[in-house]
Amino acid sequence: MKLAGFTIIRNAIKYDYPVIEAINSILPICDAFYVGVGKSDDDTRKLIESIASDKIKIIDTVWNDEFRVGGLVLSNETNKIFDLIPMEYDWCFYIQSDECVHEQDLEKIKIAALQHFQNSSVDGLLFDYKHFYGQYNYVGAGRRWYAREIRIIRNNKNIRSYKDAQGFRFRDNTKLKVKRIHASIYHYGWVKPPRAQQAKQQSFHKMWHDDEWMKKNIPAVTDFDYNNIDLLEEFTQAHPQIMLPRIKNAQWTFIYDKSKAKLSLKNKLLFFLEKLTGWRAGENKNYKEI
């Protein structure tokens, strides 16, 4: 069995993406790693070149910024890199540039890939998610955060990155059949210095919306306001070791005030039900778990 990792990135330095940590977090279990580097306004390509591994394969791309509906530019770029992965690889491990895997889960992931790769009914492997917000000691607990998503897929070119590249489906929009492997993706996209987060929001939302929507919904401010959030929980476990230097160097302050959480009565009841039973009522899953 052979496994290839892949990701896409543009303006990693400008928007403070932990892409080096993301790649290195899964590199030990990958036989090769394909990085789509979009034309950037900074030294993103040199940053990727700094990874000291002959597994890294860089593909230079130009993002089509005319895809300003539903984040389709992200899935378009993801598919572009996936399609270039040679068929000698059985599985493809997609990791976004603000995600990491804990070193304690690597062996578990490798075993699961070996266990399922000869079972043709399994299209992919499903990961749990930890979404960090504001600072590294808080994780999202409300229903706005997706609980699980596909991150390892078969090297089947009929599989496509779906919509804004959150997950995957087949070309005919059929959901993939997946096995949950009880390993986690640590998502750090909402943990950045407030200035970098605001700059990212202004750039990121252009992939979804037109200029008129941007003017109405993205405030023209310097620093992002992390206080506009619903439910967070304190994170007391260990982060991936590869993230520790970045966490140590975090210089901004965010303190979550639960009393200011904006949550409807309906969502309060649904959150209570989920905590009590583990069942997320009404969840729109982008996969079929088998």
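The values are calculated or read from the model by the stated rules, or taken from the named source; none is laboratory data. Because the structure is a prediction, the values reported are computed rather than measured. FYI the Cβ positions are ideal-geometry reconstructions off the backbone, even for glycines, and counts take in every protein chain you see.
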**Message:** Based on this model, can you work out whether Lys206 counts as under 21 Å from the mean Cα position of the chain (by Cα) and farther than 18 Å from Ala22 by Cα?
**Reply:** yes
**Message:** Out of the residues in the range 42-91 meeting the condition of being assigned to a helix (DSSP H, G or I) and hydroxyl-bearing (Ser, Thr, Tyr), tell me which one is farthest from the chain's Cα centre (by Cα).
**Reply:** Thr44
**Request:** Starting from the range 154-180, keep only residues that are under 20 Å from Ile109 (Cβ atoms), then list their pairs with residues that are among the basic types (Lys, Arg) and surrounded by 14 or more Cβ atoms within 10 Å (Cβ to Cβ) whose Cβ atoms are within a distance under 7 Å, requiring at least 6 positions of separation or different chains.
**Result:** Phe168/Arg160; Leu176/Arg169; Arg180/Arg148
**Failed item in (1) crowded, with 18+ Cβ neighbours inside 10 Å; (2) in a loop (DSSP other than H, G, I, E, B), with Ala238 passing the rest** = (1)
**Request:** Take the range 1-17 and flag every residue that is outside any strand (DSSP E or B) and closer than 19 Å to Asp65 by Cα.
**Result:** Arg10, Asn11, Ala12, Lys14, Tyr15
**Request:** Sort through Leu114, Leu126, Leu106 and tell me the only one that's farther than 13 Å from Ile8 by Cβ and touching a Phe, Trp or Tyr at 6+ places or on another chain (Cβ under 8 Å).
**Result:** Leu126
**Request:** Could you list, in sequence order, all residues of the range 92-146 that are assigned to a loop (DSSP other than H, G, I, E, B), in contact with a strand residue (DSSP E or B) (Cβ under 7 Å, 6 or more places away or on another chain) and at pLDDT below 95?
**Result:** Phe117, Ala141, Trp145, Tyr146
**Asked** Across the range 149-165, which residue is surrounded by the most Cβ atoms within 10 Å (Cβ to Cβ) among those that are in a loop (DSSP other than H, G, I, E, B) and touching a strand residue (DSSP E or B) at 6+ places or on another chain (Cβ under 6 Å)?
**Response** Asn155
**Prompt:** Of (1) part of a loop (DSSP other than H, G, I, E, B); (2) surrounded by fewer than 22 Cβ atoms within 10 Å (Cβ to Cβ), Ile20 satisfies all except one. Which?
**Reply:** (1)
**Asked** How many of the residues in the range 166-176 are over 17 Å from Ser97 (Cβ atoms) and either part of a loop (DSSP other than H, G, I, E, B) or at pLDDT below 95 (or both)?
**Response** 5
**Request:** Check Cys100 against each of (1) farther than 16 Å from Arg160 by Cα; (2) over 15 Å from the mean Cα position of the chain (by Cα); (3) of a type in the set (A, V, I, L, M, F, W, C) and name the one condition it does not meet.
**Result:** (2)
**Request:** Determine, yes or no, whether Phe170 is surrounded by 18 or more Cβ atoms within 10 Å (Cβ to Cβ) and of a type outside the set (Val, Ile, Thr).
**Result:** no
